[in-house]
1. Please give the number of the condition A:Val517 fails out of (1) assigned by TED's automatic domain parsing to the domain that holds A:Phe430; (2) over 20 Å from A:Gly441 (Cα atoms); (3) within 16 Å of ligand 1 (Cβ to nearest atom); (4) surrounded by fewer than 15 Cβ atoms within 10 Å (Cβ to Cβ).
2. Among the residues of region A:184-211, write down those that are more than 14 Å from chain B (Cβ to nearest Cβ), at pLDDT 95 or above and under 31 Å from the mean Cα position of the chain (by Cα).
3. In region A:467-481, how many residues are more than 12 Å from ligand 2 (Cβ to nearest atom), assigned to a helix (DSSP H, G or I) and surrounded by 22 or more Cβ atoms within 10 Å (Cβ to Cβ)?
4. Residues being more than 10 Å from chain B (Cβ to nearest Cβ) and in a loop (DSSP other than H, G, I, E, B): count how many of those fall in region A:338-349.
5. Restrict the check to region A:138-146 and report whether at least one residue is more than 27 Å from the chain's Cα centre (by Cα) and under 20 Å from A:Pro50 (Cβ atoms).
6. What is the residue count in region A:494-509 for residues that are more than 13 Å from ligand 1 (Cβ to nearest atom) and either of a type in the set (Phe, Trp, Tyr) or not assigned by TED's automatic domain parsing to the domain that holds A:His415 (or both)?
7. Of the residues A:Lys538, A:Lys562, which is within 15 Å of ligand 2 (Cβ to nearest atom), closer than 17 Å to A:Asp385 by Cβ and surrounded by 16 or more Cβ atoms within 10 Å (Cβ to Cβ)?
8. Answer yes or no as to whether A:Ser424 is more than 16 Å from ligand 2 (Cβ to nearest atom), hydroxyl-bearing (Ser, Thr, Tyr) and not in a loop (DSSP other than H, G, I, E, B).
Amino acid sequence: MSAEVQTKQAVMEMTPKSQDEKQNNQPMDGSAVLIQGLKDQGVEVIFGYPGGAVLPIYDALYKDPIPHVLARHEQGAIHAAEGYARVSGKPGVVIATSGPGATNLVTGITDAMMDSLPLVVFTGQVASTVIGTDAFQEADIIGITQPITKHNYQVRDVADLPRIIKEAFHIASTGRRGPVVVDIPKNVATEIFVTEEERTAEVNLPGYQPTTTPNYLQIQKAAEAIRFARKPLILAGAGVLHGQAMDELKTMVETKRIPVTNTLLGLGSIAGNHELFLGMAGMHGTYTANMAISECDLLINVGARFDDRLTGNLQTFAPHAKIIHIDIDPAEIGKNVPTEIPIVADSKEALQALLNQEFNAPDTEDWLAYLRCMQEEAPLWYNVDEHEFLPQEAIQMIHRITEGDAIVTTDVGQHQMWAAQYYSLNNPDFWVTSGGLGTMGFGFPAAIGAQIAKPDERVVAIVGDGGFQMTAQELSLLQELRIPVKVVILNNGALGMVRQWQETFYDERYSQSLIPVQPDFVKLAEAYDLKGYRITKKEDAEQIFREALLSDEPVLIDCRVKMLENVYPMVAPGKGLQEMIGVKSK
Amino acid sequence: MKRVITVTVINQSGVLNRVTGLLMKRQFNIESITVGHSEQTGMSKMTFIVNVEDERKIEQLLKQLQKQIDVIKVNDITDKAIVMRELALVKVVSPPHARSEINSIIEPFRATVIDSGKNVVTYQVTGAPEKIEAFIDLVKPYGIKELSRTGATAFTREIQKVNSPQLSILK
Ligand SMILES: Cc1ncc(C[n+]2csc(CCOP(=O)(O)OP(=O)(O)O)c2C)c(N)n1
Ligand SMILES: [Mg+2]
């Protein structure tokens, strides 16, 4: 049995077996009902960390087990849950205790909110009788998470718990996905249910009815606009992945001959090697993708939110384009960019409706030829160094060895942008990165969650030497749960992205961005009973990567790369997409 | 420009916090808020007067409010025919010799005296916010000891004129 197949079993087996068979008609308390509710929702794994306020919940879990991943820090747990959610499409479930346990989740909750990931987060709370008295480990997690959740609940009465569980999962996983926090006071977790009705209460959300079906007139208008466009462009965002509209996107691109670009989070929604794919757009996007946005006469945004890292200066964004914006969240339409044809809908339904219009493809051959020419003139580039290994070369090597088939998670920084540029993805939902919040420390735990969701796939975490150290404690999980994640540290001895900005915009004043003293990452791996590799010479890289990445075991690779390498091309802050610097031209 | 927005919400704990938190996070400038129970049990009605720069901003605000799970209905009633009322309690310095003078100049406002002492009188005045402003301006020279305003509450009139003009205070 391969290590990958073992993963899921290891996770499933790690919880002790039920101590005593649950007896029918035995009165259930809040905790038991919570565990039952999670099972009813089909929850296959929980990411969590125990503590005083959740003792009753963990006791119920002991008696009625669901596989549970004990992270070594709540932040690790929630990023793992995000990785799981991103790859599986199912809500990630997190449990943490009150006070510090709950506040340790704040970064992950915000990250999930920004990137629309479905999470259901259960936090313990002090007993109802002492809420508001600054009791031991009390934190107002409802107040704290109010602006960073899609919705949150404090369970005041155990009778509300079954309904709230159902609502939390419903809200997290429908419409525009997002995190929901359910705060459970300790006494509620031990209160006994009185009636059967309480246990079977249904979802009651009169104020929540997301629109998924597009307006027919708007679809007709959009079809008309596409039909007569000469230079149309599709911008595909994460909404395509959330709506699982990849097939519809591909059909649209191919049958209407429309070139397509991606946001950072939309990568994978179209195959990276598709002939009509122009690469990622935005701050570190390709020259061609950004020029296509600047020159197109019709921009069809499917499930992207016109984030500032994508648009650059809004004044000069897509100046010649009519805008069609398909989004499940009406509030995103018109927020940053005025939109002529708004379509509030699920991406799949909207694209399907458009395809059903069966309009003739616009004549785009000149436009496509022009863009192809630009791609040849100004490709992604770097200058190979005689001695030093370049991070871009490393990513291309990883790509070659894994044949573009790995699930890639990244942390935040230069390595993230290089991974986005050079790890051309074959598969959708195989790309896990922190886009909206840009959370260092995300990449490695997210890989753990991704591997648990897809035990049979190869998962490579591409992280920086800085960010990896923010959640490195989760190395504990790899051997314990036989999670064969491949951790690749692109070690440039610097907070590279900060250093690059200081080089470019602050006259090379490297204030607090160089890390000359580092742990021995190989020994660190060994301390956790993992195989560690170090790449110091570019000649050795291929062979070491090959051995490490193709192994069935979890591994860590400390890959030393050139410190002073920069991510190019780039749209400087405040500049327009058409003003890229560091563009190669032949 | 000022806009009058009414929001129907489910009467959950924390809903007021959620709505005002949203306005703060998105940098909206709230002039006043009122909240209270509505005709439906379990539902409350909020009335906001907000200051926004342009149409886009107001559209964002309405959409962001609508997105809240506990929000049932959002209406921008600024351009409708509406009834809008605010109540103010104003404690005015009013020695016996000036009292009748004050009473006579504020007569058109139909304010009521709800408390009085040797040298002060407390008036209650209701009306559109502009009327309250006018009342305050009028009594200010006599000396205002204390002032408390509720903020405006509003809804649309039964009969809507076509192209009803915008209320002057809202321009
Ligand atoms: C939690 C957090 N703190 C700070 C930052 C700001 N920041 C963005 S990139 C970066 C440098 C990351 O360094 P490293 O992990 O080594 O990656 P590199 O850029 O060198 O590839 C920093 C500090 C951040 N994004 N997240
Ligand atoms: Mg680094």
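The values are calculated or read from the model by the stated rules, or taken from the named source; none is laboratory data. On a predicted model such as this, the values are computed, not experimentally measured, just so you know. Here Cβ is always computed from backbone atoms with ideal geometry, including for glycine, and neighbour counts include all displayed protein chains.
1. Exception for A:Val517: condition (2).
2. Passing the criteria: only A:Ile184.
3. Residues flagged as more than 12 Å from ligand 2 (Cβ to nearest atom), assigned to a helix (DSSP H, G or I) and surrounded by 22 or more Cβ atoms within 10 Å (Cβ to Cβ) within region A:467-481 amount to 5.
4. So the answer is 4.
5. Among the residues of region A:138-146, at least one is more than 27 Å from the chain's Cα centre (by Cα) and under 20 Å from A:Pro50 (Cβ atoms), which makes the answer yes.
6. The total comes to 2.
7. Numbers: A:Lys538 fails: within 15 Å of ligand 2 (Cβ to nearest atom).
A:Lys562 is the lone residue from the list that is within 15 Å of ligand 2 (Cβ to nearest atom), closer than 17 Å to A:Asp385 by Cβ and surrounded by 16 or more Cβ atoms within 10 Å (Cβ to Cβ).
8. Spelling it out, it is not the case that A:Ser424 is more than 16 Å from ligand 2 (Cβ to nearest atom), hydroxyl-bearing (Ser, Thr, Tyr) and not in a loop (DSSP other than H, G, I, E, B).
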